[in-house]
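**Student:** Mind looking over this structure? Questions follow.
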Amino acid sequence: MRVDIDENDAWRFQPCAPAMAFVRGNPDLKVPVRYERTDPDVVPRVLLTGDSTQRTDTRVLQVIYSFNRGSMPVYVGQQMDVFVEAPPVGGTTTQAKFPSEPCGDDALKNADGRTHQPRKP
C-alpha cells in the first residue's frame, strides 16, 4: 500500500517504525503493516475531485508498506488509514535515525523473531 506523509511531517518519519493500518469506516479492523521502501521524492498530493481546474497545495512523501492480505477483508484500491509511530515534535532531533538492521525485502525473520540478512551468492 502507498502511504502519503505530509511534507510538514516527513522529517519525523523513520524507516521501519511500527505502523498500523485501519479500514476506513471500521477502526476495529486493523492490521500491522511492514515497511518496504520510501519513494525518494516529495511530490504533489493527488486528490481526484474531477474538477478540470484542480490545484494541489499539499506535497507528500510516499512510503510503501505491505501486509498479509489474507488477514484483512480489503480490496485493491480501497482506502485505509495508516498510523506510523513517530517521536513527538518537541522530542525529536533534526537527524533521522536509520535502522541498524534492514527491514522490508532486505530482511528475513527467523522463527524466533530475530532478523537476519540473507547470504549473497
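Quick note: the coordinates plus some simple rules give every number you see, no bench work behind them. This is a predicted model, so every value here is computed, not measured. For neighbour counting, all protein chains shown are included, and Cβ atoms are generated from backbone atoms with ideal geometry for every residue, glycine included.
**Student:** Give the residue list of trypsin sites (Lys or Arg not before Pro) in segment 1-30 that are DSSP loop and have at most 16 other beta-carbon atoms within 10 angstrom.
**Tutor:** Those that pass, being in a loop and sparsely packed, are Arg24.
**Student:** Still on this structure, please answer the following. Taking a quarter of the surface of the Cα convex hull of segment 2-87, what do you get in nm²?
**Tutor:** Average projection, Cα convex hull of segment 2-87: 6.6 nm².
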